[in-house]
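Okay, structure first, notes after.
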Amino acid sequence: MSKDAYRIVLLPGDGIGPDVTREAVAVLELAAAHGDFTFSYKELPAGGAAIDAHNDPLPPNVLEECLASDGVVLGAVGGPKWDHLTGAMRPESGLLKLRKALGAFANLRPVFVPDALAEGSPLREDAVRNTDLLVVRELTGGIYFGEPRAREPEGDHEKAYNTMVYTTPEIERVARVAFDWAGKRRRAVTSVDKANVLVVSQLWRDVVQQVHDKDFADIDLQHMYVDNAAMQLVLNPRQFDVIVTGNLFGDILSDAAATLGGSLGLLPSASVGGRTGLFEPVHGSAPDIAGQDIANPIAAILSAGMLLDFLGESRAAEAIRHGVAEALDAGARTADLCRTGHRRVSTSEMSEEIQRNMKAFFKG
Ligand code: IPM
Ligand code: MN
């Protein structure tokens, strides 16, 4: 039988994007060497790198290659160099366009506190230990994409506006993703909105409830206002299993949740819904530490793990999660996680340590 051959597009992007994407590829290669599948890669520019090379944050041929691939692995986009740009010329616009074109309407952001990191959390250890939740963020609608939007003159001043808009089908499909995941986890969904103020949230709440009552009545559903959810996340994160929310609230809450484990450098994500998924760390491009071999590669490496899960290569995905947990247990810490008494490692050293533990996993 011939091996499955997956075609992967790599979009390292800007800042530390290339530093961490390199390590994601290294673990994918190791996984392939121990599985019955292979990867081929096309590395292409996106974000600021594509603006510099082609004056377009997502050139048409790059988008085409992404659509034709089995998975897209992205590093990070943006940075001060491109901050003066506006509208469709911004690096971030390229990413939004890619998410939309891939039909990646559900952004899965698992948030966990590895045992080894609970004591280093900025929050109280006993509050964060064993946190294991999944943020399901709607990714191709809401205020990120809503029309009308503009910045325009009004008399002697300016005005600007965006529109937060959701349709019933957009809410239904992401709610289904959340309930499906809850069914594989601890069977509880918290839907986060601002239904006490926003009419778009009132529709959100009603539709999530209807999907629940019709097809997922065996899952526990609660609704929570976003301001309260932000507080509950740092007060008692263990109360959550699956959180489902709109694009903007999900963006904000997932960064807040990232502090639980002590670093944004830990959190992976998968954006799914179409034929091809997009896999990227939750963190940004951190231009101040780019190219110095000090960024934390764990979020990118775990994103590669989510890609393997998406492709159905669950043993390889398991090896990656195991490798990360073992490296952290053994005390390896990149700069973002490093405190007195810790063993400080570089980006590549962290990756090597993870790979060593993956090899042990494959042997055992
Ligand atoms: C994220 C990022 C992006 C977002 C930016 C870079 C457009 O913050 O993936 O969380 O807001 O979605
Ligand atoms: Mn964000």
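No lab work stands behind these numbers, since they all come straight from the coordinates. Fair warning: this is a prediction, and the values are worked out from it, not measured in the lab. Positions of Cβ are generated from backbone atoms using ideal geometry, with glycine treated the same way; all protein chains shown enter the neighbour counts.
What the table below lists for this structure:
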quantity	calculated
Local electrostatic count, Ala118, Cβ distance below 9 Å [Lys/Arg +1, Asp/Glu -1]	-3
Gained length - Gln239 relative to Lys100, 0.36 nm times residue gap less alpha-carbon distance	46.9 nm
Electrostatic dipole magnitude of the chain [Cβ: Lys, Arg +1; Asp, Glu -1; Cα centre; debye, to 20]	540 debye
Kirkwood Rh in Å, taken over all unlike Cα pairs in the range 1-142	17.2 Å
Potential extension, Arg356-Glu64 segment - 0.36 nm per residue separation minus Cα distance	101.5 nm
Aspartates and glutamates with Cα under 18 Å of Lys159, excluding same-chain neighbours fewer than 8 positions away	Glu147
Helix-only [θ]222 nm of the chain, DSSP H runs n ≥ 4, -39500 (n - 2.57) each, per residue, nearest 500	-13000 deg cm²/dmol
The range 241-364, relative contact order in percent, only Cα pairs under 8 angstrom and at least six apart counted	21 percent
The chain, relative contact order [Cα under 8 Å, separation at least 6], %	21 percent
Where labels lie 7 Å past Cα in the beta-carbon direction, separation of Thr340 and Glu125 in nm	1.6 nm
Relative packing of 237-244, 279-286, which averages over residues the other C-beta atoms within 10 Å, highest first	279-286, 237-244
In sequence order, calculated HN-Hα J values of the range 239-253 (Karplus, 6.51, -1.76, 1.60; Hz; x Gly/Pro)	5, 9, 10, 10, 10, 10, 7, x, 4, 6, 4, x, 4, 6, 5
Estimated distance in nm for a label pair at Asp218 and Ala5, the labels positioned 7 Å out from Cα along Cα-to-Cβ	4.2 nm
Cβ-defined net charge surrounding Arg7, 14 Å radius [Lys, Arg +1; Asp, Glu -1]	-2
Trypsin sites (Lys or Arg not before Pro) restricted to the range 317-364 and DSSP loop, no more than 15 other C-beta within 10 Å	Arg339
Around Met164: net Lys/Arg minus Asp/Glu count, Cβ-Cβ under 15 Å	-1
Spacing of the two label points (7 Å from each Cα toward its C-beta) at Ser348 and Met89, in nm	3.7 nm
At 0.890 mPa s and 25 °C, Stokes D of the range 14-70 from Kirkwood alpha-carbon radius, µm² per second	191 µm²/s
Estimated translational D of the range 115-189 in µm²/s (Stokes, Kirkwood radius over Cα pairs; 37 °C; 0.692 mPa s)	202 µm²/s
Calculated log₁₀ intensity ratio I(q)/I(0) where the Debye formula runs over C-alpha points of the chain, q = 0.09 Å⁻¹	-0.50
Added length on full extension, which subtracts the Cα-Cα distance from 0.36 nm per residue, Ala150 to Ser314	54.6 nm
For the range 122-260, convex hull of alpha carbons as volume per residue, Å³	116 Å³
Ala256/Asp36 FRET efficiency (R0 45 Å; Cβ-Cβ; nearest 0.05)	0.65
